[in-house]
Each structure stands twice: as structure tokens, then as C-alpha cells.
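Every read-out reported here was derived from the displayed coordinates using simple, explicitly stated rules and does not represent laboratory data. Owing to the predicted nature of the structure, the values given are computational and were not obtained by experimental measurement. We place every Cβ from the backbone using ideal geometry, glycine too, and count neighbours over all the protein chains shown.
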Amino acid sequence: MNTTVRYLPAVVAVIAASALATATPVQPVRAALVGTWKLVSDKQIKPDGSSVDLYGVSPLGQLIYDAEGHMSVHLLMPDLPKCGTQDRRKCSDAAARAAFDNYLGYWGHYQVSPDGKTVVHTIEGASAPDWIGTSQARFFELKDGTLTLTTPMQMIGGVQSKAVLVWVRQR
């Protein structure tokens, strides 16, 4: 019998076992993230433990993770002042500033860490231009249809803080 043919099943078994060993911890966690999520809370937690609702007490937001690794997120404070026109480039400076300060959107790709505790967003486009081309880690917890994402400490409004975002599954 040809030596290659004789050892082929063993080689295939080793490759398959290796693939399962590396894929198993992350794939179920990643699959659990896939879907559309609605924002219910976005709090800035300051070093002294105090908190601020970043987008108000009833924030608007949507987070989408797809099975191919794409993601998109939008955060908005509700009831922003209207510009009085459908032409967004005709808003007053004050209304434009309020819109910029109270909306965040970005899209790109995501990966789940091997330990299944962190999701990294690689940002391709964003309403905050300095975020484009960055990768941002979010610690996460999934429990009973609720996803909690927590940022590492970062500057938020000039204060070293972390953000804690709570999402509920939409579909």
C-alpha cells in the first residue's frame, strides 16, 4: 500500500482535531453575538465610581454583528433640537455641534478574543474621524439576551473613564 495513502487518515484526523481545538472556544461565543441589539443604557463610569448617562436616560442605539465578522453601531441621544431643514449642511453651528456631540456611529469588522471575553472592533468608518483605522477592545458579558460591553479606561469628555453599554437582543 502506498505510504501516503496509509497515513492520510491520521494526517486528516490531526488537522481536524487541531482545527476543532482552536475554533471551539471562540466560535460559540461569536455565534452568540451575531444579531441585532438595541441600546438600553450607556453610562460613563468615572474613577470615583460616579456615573453619567452619556446619551440620556433613554438612549437610542443599535449594534449589529453578522456571521461574517462585520459590525455596525449607532448611539444617539433622543430629542435633539431640530435644524429646521432636511439639508444637514444648513444646520446652525450650535445645532451641528449638538448633533456631533450626541451621536456616534461606526462600522467595520470584529473579532472575539481566544478567551471569549473581549470583542475587538476594527473601525473602517466613523462619525469620529480619529477612530477610523483603530482597533478598540470591549470586554463583554452575555446573559439572558442581554449584552454588556465595557470599554477599557479612556478619555470621555476630558475625564479618564470607562463606558458601560447595555444592549438587549432584537433578533
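Which helices pass in the chain if a helix is a full DSSP H run, must span at least 27 angstrom along its long axis by Cα, and must have mean Kyte-Doolittle hydropathy not below 0.5? Let's see the in-between values first.
On the way: long enough: 3-23 (30 Å, 1.49).
TM-like helix candidates: 3-23.
For Lys43, list the lysines whose Cα falls under 16 Å from its own Cα; do not include residues on the same chain fewer than 8 positions away.
Hits, sequence-local ones excluded: Lys162.
Identify all aspartates and glutamates with a Cα-Cα distance to Lys82 below 19 Å; exclude those on the same chain that are fewer than 8 residues away in sequence.
Straight-distance partners of Lys82: Asp93, Asp101.
Among Phe140, Phe100, which comes first, second and so on when ranked by fewest other beta-carbon atoms within 10 Å? If you can, show how the numbers build up before the last one.
Details: Phe140 20, Phe100 11.
Fewest-to-most Cβ neighbours within 10 Å comes out as Phe100, Phe140.
Within the stretch 137-171, whose backbone N sits under 16 Å from a point 7 Å along Cα→Cβ of Val40?
Output list for this probe position: 141-150, 164-171.
If I compute Kirkwood radius over Cα pairs in Å from the structure I just sent, which labelled value in (1) 20.4; (2) 18.5; (3) 17.7 lines up?
Entry (2).
Simple spin-label model, 7 Å along Cα-to-Cβ: Leu80 to Gln154 in nm?
1.8
Give me Val57, Val29 sorted ascending by neighbouring Cβ count inside 10 Å, so fewest comes first.
Listed from fewest to most nearby Cβ atoms, that is Val57, Val29.
About its Cα centre, what dipole magnitude does the stretch 72-129 give when the only charges are +1 on Lys and Arg Cβ and -1 on Asp and Glu Cβ, stated in debye to the nearest 20?
180
What order do you get for Trp131, Trp37 when you list them from fewest to most C-beta neighbours inside 10 Å?
Trp131, Trp37
With just the Cα atoms defining each centre, how far is the stretch 27-79 from the stretch 92-126? Give it in Å.
Here the two parts' Cα centres lie 10 Å apart.
What FRET efficiency do you get for Lys162 and Glu68 if R0 is 30 Å and r is their Cβ-Cβ distance, rounded to the nearest 0.05? Walk me through the numbers on the way to the answer.
Numbers: r = 29 Å, r/R0 = 0.97.
That pair, Lys162 with Glu68, gives E of 0.55.
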